[in-house]
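Worksheet: one structure, shown below.
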Amino acid sequence: MLALLKTIREVIAHWWSEFTLQTRLMAAATLVVSLLMSGLTFWAVNTIQQDAHLNDTRFGRDLGQLLAANVAPLIAENNLNEVAQYSERFYVGTTSVRYMLYADEAGKIFFGIPFSDSEVQTSLTIERRMQLPADWADNPELTMVRQHMTPDGVVTDVFVPLTHQGKYLGVLAIGINPNPTVVTSSNLTRDVTIAVFVSIWVMVILGAVFNALTITQPIKELLVGVKNIAAGNFKQRIDLPLGGELGELIYSFNEMAEKLESYEEQNIEELTAEKAKLETLVSTIADGAVLLDTNLQVILVNPTARRIFAWDGIDIVGENVLHYLPSPVSMELTRPLYQMASGNGYKEGAEFRITLSQPTNRTVRILLTNVLDQYRESIKGIAMTVQDITREVELNEAKSNFISNVSHELRTPLQCIKSFIETLHEFGEDLTEEQQREFLEAANNETDRLTRLVNDVLDLSRLESSCRIYHFEAVEIAMPIEQTLRTYQLNARDKGIELVHEIEPDLPSVLGHYDLLLQVFANLVGNALKFTEAGGRVAIRAYLVQQESEASHIQNQVVRIEVADTGIGIAPEDQQAIFDRFFRVENRVHTLEGTGLGLSIVRNIIEKHHTKINLVSEVGVGTTFWFDLAVFQQKISAPQSHSVLEAEGLARRG
């Protein structure tokens, strides 16, 4: 039972909570009015009933006293027949009397209408008695009135003492029926009151239902729609068949939702496009980009940063960046990052240069920049820009080494030339003609050395320049080889070295630049003669080979050129650096002199021909340099176009 009452109370509370304030006030006002009207109506009915009861009491008292006065002498004479006849006439003559009872002094009923004592008295006869108060006989003038409820209404009981000549004879009890007019009026008033009360609440309920269907429900729908719109659901629509002001309101709401949805779609498309542009820009920039919040958690990271910090395959978004940075970077940036995140330092950002050993050896420049809000008052995050400056550092180091080497190579012959000239100027008269000729010859040799150095530097500079355009054409490879042999034949004979060429007959023309190839052969043959002892051999070979293309797996014909010697060879540790500028093997063996630029020039020229220079060497056995040149194809109708495209490619790489 308690659970049922609790459930009912919860249902009523939930039902009441769904009412609006206006509905609650209307319900409270209706309740107060209905209760007030009902109270007034019941007060009026109660007043009427009390008056009716008072009238019935007075009527019954008067009627009982009148009847008692008339029958008392007859009872005193024990003339019960006359009493019965008189009472019968009295009872029949009025409808107000419900019953009449006569009792003696002891309370025993000896006559009554509409019932009486049995004529035959037996031991089984029920004795009817009237229970009167103990002091009733001591107050013969006392009339007692009471009321009791019957199915026909409230009956007024009047008890009148029977006295004659001051003697107490018994009591007369008369039952007075209620006034039918008053009863009918009271019942009618009660029924009308109940009907009015019920009608009021029926009207209230119907009004509430009507209000819910016509006003409250649309308002609730509008409220739900507004909440959905506020939450970003611009597809919300309200479909209620209403007219008037509510209909206009619903129509305006739907129109507003359609415009917001259209505006959102346009904005989403624009934002999506801008986001795609931004993501594309961030993902394609050469520098690494990492965006952090104030808790140093990663919000955005681009592929370059992932590659630099070896974050590929790691879901780092949402994690603390310090847990994933390499140790040198983490040690360097921990304090600055926390200071910037708290706003206690580095207002304008900070720059750091750090050398990494993992995953590869590289040098990075890290720029930290504060990300401020639109008012530039509070810090919303930190932008970390990571620049791989390894190539820049290497170029700076190479430039420094180049300048240092050129300065050294220029200074040495200049100092020699200056010392010889000063000696001739100051002591020329004291020197013999042979000594003067020796000094001039030494100065001339140093001048030639200086000239070669300058020429090599200029040649290397021109080759490395992206603005220089070279025209490639069909070249009979035997021609530059034979010219090189003629140039160095005398030098080889003086050193006792055999200089030969081994050219396969009927070789096709190659695509190349005659002068550049001539310079390649000159440098390679010159180096071979320089590092080959007397009795050695230097050979230039050219033959046709089949080469498979890595991309298309098609067999192509190329001409392979080899320059082989039986010289001192190149140590394995020097073979990687042999093509670097100013690298000279004589620096290690301390024998011959050179600029150290010859092989760098060779490498650049060969790369201009879209191939690469290779070497095979063994110390004490000899060295072989070789490279491949593409066979000239007749379908290439415009060699100049090929060179232009090459120049454009070189410019892009530059």
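At 0.36 nm per residue, minus the direct Cα-Cα distance, what do residue 297 and residue 427 gain on full extension? Give it in nm, one decimal, please.
38.8 nm
The simple Förster model, with R0 at 30 Å and r as the Cβ-Cβ distance, assigns residue 437 and residue 458 a FRET efficiency of 0.45.
When you count the other C-beta atoms within 10 angstrom of each residue and take the mean per peptide, 490-497, 99-106, 372-379 line up highest first as 99-106, 490-497, 372-379. Taking each residue as 0.36 nm, the span from residue 373 to residue 351 lengthens on full extension beyond its C-alpha to C-alpha distance by 5.7 nm. 3J(HN,Hα) along the range 263-272: 5, 5, 4, 5, 5, 5, 4, 5, 5, 5 Hz, from the Karplus curve 6.51 cos²θ - 1.76 cosθ + 1.60 with θ = phi - 60°, whole Hz, x for Gly and Pro.
Amide hydrogen proximity for residue 503: with H placed 1.01 Å from N in the peptide plane, the residues at 5 or more positions away or on another chain lying under 5 Å are 542. Amide H contacts under 5 Å for residue 509: 632, restricted to partners 5 or more places along the chain or on a different chain, H placed in the peptide plane at 1.01 Å from N. Highest-first packing order for the peptide set 323-330, 481-488 is 481-488, 323-330, based on the mean count of other beta carbon atoms within 10 Å.
In order along the range 495-508, the Karplus-derived 3J(HN,Hα) couplings, from 6.51 cos²θ - 1.76 cosθ + 1.60 at θ = phi - 60°, round to 8, x, 10, 7, 10, 10, 9, 10, 10, 5, x, 6, 5, x Hz, and Gly and Pro are given as x. Packing-based ranking of 293-306, 561-574 yields 561-574, 293-306, ordered from highest to lowest mean Cβ neighbour count within 10 Å.
Counting Lys and Arg as +1 and Asp and Glu as -1, what is the net charge of the other residues whose Cβ lies under 12 Å from the Cβ of residue 499?
Values: positive: 486, 493, 495, 537; negative: 482, 494, 498, 502, 565.
Once all neighbours under 12 Å are counted, the net charge is -1.
You can think of it this way: the chain between residue 310 and residue 65 has 75.8 nm of extra reach, that is 0.36 nm per residue less the Cα-Cα gap.
Distant-in-sequence amide contacts of residue 162, defined by a placed amide H-H separation under 5 Å and a gap of 5 or more residues or a different chain, comprise 169, 170, 171, 172.
Pairwise Cα separations in the range 470-574 fall into 5 Å bins from 0 onward with the following percentages, short to long: 2, 12, 20, 20, 17, 14, 10, 4, 1, 0. Between residue 634 and residue 502, the FRET efficiency from the beta-carbon distance, with R0 = 25 Å, is close to 0.35. Charge tally for residue 559 (other residues, Cβ to Cβ under 12 Å; Lys, Arg +1; Asp, Glu -1): -3.
Any read-out appearing in this document is the output of simple, stated calculations on the displayed coordinates, not a laboratory observation. If you're wondering where the values come from, they're calculated on a predicted model, not measured in any experiment. We place every Cβ from the backbone using ideal geometry, glycine too, and count neighbours over all the protein chains shown.
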